[in-house]
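These notes are about the structure you will find just below.
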Amino acid sequence: MKKYLIFGATSAIAEATARILASRGEALFLVARDKKKLEAVAGDLKVRGAAQVNLAVMDANDFRKHPGFLAEADKRMGGLDVLLVAHGTLGDQKVSQSGYAETEKELCTNFLSVVSLLTPAANLFETRRHGTLAVISSVAGDRGRQSNYVYGTAKAALSTFLQGLRNRLSKAGVSVVTIKPGVVDTPMTAHMKKGLLVANAETVAKGIVRAMDRGSDVVYLPWFWRPIMFIIRAIPEKLFKKLSL
Ligand SMILES: NC(=O)c1ccc[n+]([C@@H]2O[C@H](COP(=O)([O-])OP(=O)(O)OC[C@H]3O[C@@H](n4cnc5c(N)ncnc54)[C@H](OP(=O)(O)O)[C@@H]3O)[C@@H](O)[C@H]2O)c1
């Protein structure tokens, strides 16, 4: 049995992931900002076989609470094995363009809050020479596009931060897993027109569990996003700026 701490535990992707972990009898500590939703998710995971389900309510942007909270969660679980960070917001790009305040909010939630959580977590795992830090980034960070470049910027910064962290923590035997889903059918994308490539949360969750088990470096989920993003990244800027993506 492994001990997992999950931030953004009420997200559709995190919940689907936690269901798989619960059915394997893992111990879970769930963190989210909506108490009612969190209690409903926790109840379901207990029924599915989780060895233990702890919960805590916290807004990811409450940075000052992070170090103390992490130490407390680690103590309550008797030593964490895996940290999964899944919270995020896909803000309105047009609103971000109209004023900086919304952009700052997006960068805080999708990038800075994760850095704030990972900084003490990385130090803890590094000292112990044990553990896995798994974080949901996005293919949106692989290339800036006019339709969502603020969200993409946060995810790109996050992926680079994770890359550096991996480079540092590999020496201590700690895995840092960057998870890059493509479009997933969740409340986050409910307003979007879905194409052929859309995946469901359960499929992505299976990939996340596999990546955490293996201690993978960077995974694209589903797998076909890796070649797609390779091509997207390779399009010359001269041509790319003429596209309306
Ligand atoms: N869906 C996609 O197509 C897709 C693609 C690539 C990457 N991702 C990433 O996958 C992760 C999970 O997203 P999802 O698709 O499962 O979306 P979701 O179901 O909409 O979940 C988003 C979660 O983030 C939480 N959250 C937002 N702001 C927060 C804050 N300040 N403090 C604490 N929690 C906060 C939400 O909590 P509330 O319920 O309280 O609002 C919700 O649980 C995100 O990091 C997202 O960027 C998603």
### Task
Could you list all residues from region 51-65 that are within 15 Å of H87 (Cα to Cα), assigned to a loop (DSSP other than H, G, I, E, B) and in contact (Cβ under 8 Å) with a residue 24 or more places away in the chain?
M58, D59, A60, N61
### Query
Going by the conditions given, is G215 modelled with pLDDT of 95 or more, more than 12 Å from the ligand (Cβ to nearest atom), within 30 Å of D81 (Cβ to Cβ) and under 18 Å from the mean Cα position of the chain (by Cα)?
yes
### Message
Tally up the residues in region 1-11 that are outside any strand (DSSP E or B) and buried (at least 20 other Cβ atoms within 10 Å of the Cβ), please.
### Response
4
### Query
Does any residue of region 157-164 turn out to be surrounded by fewer than 17 Cβ atoms within 10 Å (Cβ to Cβ), away from the ligand (no atom under 15 Å from the Cβ) and under 24 Å from M58 (Cα atoms)?
no
### Task
Check A101 against each of (1) assigned to a helix (DSSP H, G or I); (2) crowded, with 16+ Cβ neighbours inside 10 Å; (3) among the aliphatic types (A, V, I, L, M) and name the one condition it does not meet.
(2)
### Query
Just checking, how many residues over region 75-98 are touching a strand residue (DSSP E or B) at 6+ places or on another chain (Cβ under 8 Å) and either surrounded by fewer than 16 Cβ atoms within 10 Å (Cβ to Cβ) or of a type in the set (D, E, K, R) (or both)?
4
#### Entry: Number of positions in region 19-50 that are within 16 Å of the ligand (Cβ to nearest atom), of a type in the set (A, V, I, L, M, F, W, C) and either touching a residue at least 12 places away in the same chain (Cβ under 8 Å) or not in a helix (DSSP H, G or I) (or both)
11
### Query
On the given criteria, is S113 in contact with an Asp or Glu (Cβ under 9 Å, 6 or more places away or on another chain) and either assigned to a loop (DSSP other than H, G, I, E, B) or crowded, with 22+ Cβ neighbours inside 10 Å (or both)?
yes
### Message
Could you list, ordered by first residue, the pairs with Cβ atoms under 8 Å in which the first is in region 101-112 and closer than 14 Å to D62 by Cα and of a type in the set (S, T, Y) and the second is part of a helix (DSSP H, G or I) and within 11 Å of the ligand (Cβ to nearest atom), at least 6 apart or interchain?
### Response
T109/A154
### Task
For region 48-68, enumerate the residues that are surrounded by 15 or more Cβ atoms within 10 Å (Cβ to Cβ), more than 15 Å from R33 (Cα to Cα) and in contact with a Ser or Thr (Cβ under 9 Å, 6 or more places away or on another chain).
R48, A50, P67
### Query
Does D142 qualify as being surrounded by fewer than 16 Cβ atoms within 10 Å (Cβ to Cβ), within 16 Å of the ligand (Cβ to nearest atom) and among the acidic types (D, E)?
no
### Query
Can you tell me which residue in region 165-206 is farthest from the ligand (Cβ to nearest atom), limited to those that are touching a Phe, Trp or Tyr at 6+ places or on another chain (Cβ under 8 Å) and assigned to a helix (DSSP H, G or I)?
A172
### Summary
Log entry, pairs with first residue in region 145-169 being within 20 Å of I232 (Cβ to Cβ) and in contact (Cβ under 8 Å) with a residue 60 or more places away in the chain, second being of a type in the set (A, V, I, L, M) and assigned to a helix (DSSP H, G or I), beta carbons closer than 6 Å, six or more apart or on different chains, reads Y151/A140
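The values are calculated or read from the model by the stated rules, or taken from the named source; none is laboratory data. The shown structure was predicted, so the numbers you read here are calculated from the model rather than taken from an experiment. When we count neighbours, we look across all protein chains shown, and the Cβ atoms used for this are built from the backbone with ideal geometry, even at glycine.
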